[in-house]
Amino acid sequence: MNHDSYENGYISGILNEVKTVAIVGASANDVRPSFFVAKYLIDKGYDVFPVNPGQAGKQILGRMTYASLADVPEAIDMVDIFRASAAVPAIIDEVLALDPLPKVVWMQLTVRHDEAAARAEAAGIRIVMDRCPKIEYARLSGEIGWNGVNSRVISSKKPKMRGGYQSFGIVRK
C-alpha cells in the first residue's frame, strides 16, 4: 500500500468500522494534542483506552489509563500512536502480541515507520501513517469545511445529524 497518500474511502472505512481505540502516549495534560484527540473520539462515540505507563491506574477524561496495550481489558480495534517514530517498532511488537489483533494501527502526524508498518500489514493489520483521526474525521464529515477550511471533499449532500457533541457526517453502523 502507498502510505504517502490514502483514498478517502480507506480512511472513512476505518473510521466507520472501529469502535475501540487505544491511544498510546495519551496525556492527562489538557493542552496536549493526544488529550484533544482522545476527547474528540470519545465525543464521537468511540470507546477510548488511554495507554501511558506514567499515568497507569489514573483517569484521563474519565477513562482508566493502562500501562501497556496488553493491560487493556477489551479487544482493541485501533491503536493510535502518539509517540516518536523511533518508538513505533516496540509498539508494533506489543500490537502483534495481542489476541485478537487490532484491525488498524494509526500513527499520528509526523509519525512514520515503514519497516514496522510492513510487519503489521503482513499480519493483516491496516496501517495509516502521518495522519490524525480527529482531522480526518472532521475533514470527511464536513465539519472542518464549516470553518472555511478546504477539506478536499465536495458534496451536495447535507451532513446527517446524530446524537452527541458535534456528531455529524460519518454515520457509524
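Bear in mind these aren't lab numbers, they're just calculated from the coordinates by the rules spelled out. Fair warning: this is a prediction, and the values are worked out from it, not measured in the lab. No Cβ is skipped: glycine too gets one built from the backbone with ideal geometry, and neighbour counts run over all protein chains shown.
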**OP:** Determine, for 110, 20, the number of other Cβ atoms within 10 Å of each Cβ, and report the residues in order from fewest to most.
**Re:** 110, 20
Subject >> Average Cα contact separation per residue, the range 52-116, under 8 Å, 6 or more apart, as relative contact order % >> reply: 32
Original post:
Which is farthest toward the positive dipole end of the range 8-147 among 29, 86, 72, measuring Cα position about the Cα centre, with Cβ charges +1 (Lys, Arg) and -1 (Asp, Glu)?
Top reply: 29
**OP:** Report the dimensions of the range 8-147 along its three principal axes from the alpha-carbon atoms, largest first, rounded to Å.
**Re:** 41, 34, 25
Original post:
Which ³J(HN,Hα) values in Hz, rounded to whole numbers, follow from the phi angles of the range 55-68 under the Karplus curve 6.51 cos²θ - 1.76 cosθ + 1.60, where θ = phi - 60° and Gly and Pro get x?
Top reply: 10, 3, x, 9, 10, 10, 6, x, 10, 4, 9, 10, 6, 8
Original post:
Dipole magnitude of the range 8-147 about its Cα centre, charges +1 at Lys/Arg Cβ and -1 at Asp/Glu Cβ only, in debye to the nearest 20?
Top reply: 360
**OP:** Per residue of the range 11-24, in order, report the coupling 6.51 cos²θ - 1.76 cosθ + 1.60 (Karplus, θ = phi - 60°) as ³J(HN,Hα) in whole Hz, putting x for Gly and Pro.
**Re:** 5, 5, x, 5, 5, 7, 7, 6, 10, 10, 10, 9, 9, 7
Subject >> the range 88-94 - phi-based ³J(HN,Hα) in whole Hz, Karplus 6.51/-1.76/1.60, Gly and Pro as x >> reply: 4, x, 5, 5, 5, 4, 4
